[in-house]
Amino acid sequence: MVEHLLAKEKVAGSIPVSRSPSYFAQRRRRQVVRHGSAKAAPAVRIRSSPPEETCYHRVSFFVRFFMREPRSYATQSIILKHADLGEADRIVTLLTPYRGKLHVVAKGARRPISKKAGHIDLLSHCQLHIASGRNMDLITQAEGIESFLHLRTELWHMTCGFYLSELVDRFLEEHTIHQDVYQLFLEALRSLDRDALTVCQQRAARQLDTNQEHGRTQLLLRSFEMNLLSYIGYEPVFRTCAHCATELQAVENGFTPALGGALCPNCSHLWAHPLSVNALKVLRILQRTAWASVPIFRLDARLHIEMELAMHGLLRYHLERDLKSWSFLEMLR
Ligand SMILES: [Zn+2]
């Protein structure tokens, strides 16, 4: 009996010395589970977490739930183009700041009693509510922001506005966001509207100098063309030779649309046509200066035609076609 007790004491005494710390950790964990401690439950739950496939399905469900296309949305827009649809509807081409160019349907817009029609005139700046449709989205509500009334009273300025909208429509792809082009177009329409108002006031005061007023709007068109090409990745080259990259000097240089800009005299065998020093200077100023800061030049008609020839050559090269508005602008000028 004594031997048995001694053996038991020996075994009991030897345990704390020989067992490792991990043994006690495991033992404590077993005790906690056995006695139903409040902290034991989460540990068990973590070990029994759902398999990886289930987690993936849950994540994809939340992504689909929160990222799905809304059924309707509100957006500011500038109206680029109209086309008739059916008996009384219209397909309207919009330029929006955060959704790019869109084609949407305006139901009943050609009816005389339509409340939307006045707000979605060409070149209008408006706030639209649009419902997502299966094939095309629908305008459900329209509210005018700026209608550019002065621009609409002057044929020359209105034609310039239509030309800018045709340019934007031709160069931009649908659903491609170009906030910079949206702002550029909006500012250009505001400038045209201000210029049209100035013309009206000068005409009323019999102080109108039509040539100079047309000259200012022609410069605005060149500035718009230059910035539009830059924003969409076709920036014209007017600082260095487009072929050999040497810096252009203040002498007669050349211009070739296919090479993307001006060429030095050493590359004259590649010139499509010459480019005068004054034309190059003005084009450089327009390229590097915001329209509001461009000084008021008094340029002769020949210089305007030279710059227009260069810029239209570039646009024609990139679009591979002429624009409809060019002939009408030429006729008005
Ligand atoms: Zn060169």
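The values are calculated or read from the model by the stated rules, or taken from the named source; none is laboratory data. Everything numeric in this text was worked out from a predicted model, so none of it was measured. All Cβ positions, glycine included, derive from the backbone under ideal geometry; neighbour counts span all protein chains shown.
Say whether the condition of being farther than 15 Å from residue 329 by Cβ, among the hydrophobic types (A, V, I, L, M, F, W, C) and in a helix (DSSP H, G or I) is met by at least one residue in the stretch 133-150. Give the derivation first.
To start, the set of residues in the stretch 133-150 that are farther than 15 Å from residue 329 by Cβ comprises 133-150.
Next, from what is left, pick out any that are among the hydrophobic types (A, V, I, L, M, F, W, C): 136, 138-139, 142, 145, 148-149.
From what is left, the residues that are in a helix (DSSP H, G or I) are 149.
Yes, because at least one residue in the stretch 133-150 is farther than 15 Å from residue 329 by Cβ, among the hydrophobic types (A, V, I, L, M, F, W, C) and in a helix (DSSP H, G or I).
Conditions tested, residue by residue: (1) under 21 Å from the mean Cα position of the chain (by Cα); (2) of a type outside the set (Ser, Thr, Tyr); (3) surrounded by 19 or more Cβ atoms within 10 Å (Cβ to Cβ).
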{"site": "116", "(1), (2), (3)": "no, yes, yes"}
{"site": "133", "(1), (2), (3)": "no, yes, no"}
{"site": "140", "(1), (2), (3)": "no, no, no"}
{"site": "152", "(1), (2), (3)": "no, yes, no"}
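Provide a single number: the residues in the stretch 308-333 that are over 25 Å from the mean Cα position of the chain (by Cα) and of a type in the set (D, E, K, R).
3
So in the stretch 200-242, with the set limited to residues that are in contact with a strand residue (DSSP E or B) (Cβ under 9 Å, 6 or more places away or on another chain) and of a type in the set (Val, Ile, Thr), which one is nearest to the ligand (Cβ to nearest atom)? Explain how you work it out, then say what you get.
Going through the stretch 200-242, the residues in contact with a strand residue (DSSP E or B) (Cβ under 9 Å, 6 or more places away or on another chain) turn out to be 235-242.
Now narrow it down to the ones that are of a type in the set (Val, Ile, Thr): 237, 240.
On the way: 237: 11, 240: 8 Å.
Here the answer is 240.
So, of the residues in the stretch 253-269 that are away from the ligand (no atom under 11 Å from the Cβ) and surrounded by fewer than 20 Cβ atoms within 10 Å (Cβ to Cβ), which turns out to be nearest to residue 222 (Cα to Cα)? Full working, then the answer.
Quick first cut of the stretch 253-269, residues away from the ligand (no atom under 11 Å from the Cβ) only: 255, 257-258, 260.
Then drop every residue that is not surrounded by fewer than 20 Cβ atoms within 10 Å (Cβ to Cβ), which leaves 258, 260.
On the way: 258: 18, 260: 15 Å.
Across the stretch 253-269, the extreme among qualifying residues is 260.
In the set 245, 250, which member is within 16 Å of the ligand (Cβ to nearest atom), at positive phi, loosely packed, with under 14 Cβ neighbours inside 10 Å and assigned by TED's automatic domain parsing to the domain that holds residue 306?
Numbers: 250 fails: at positive phi.
After applying the criteria, what remains is 245.
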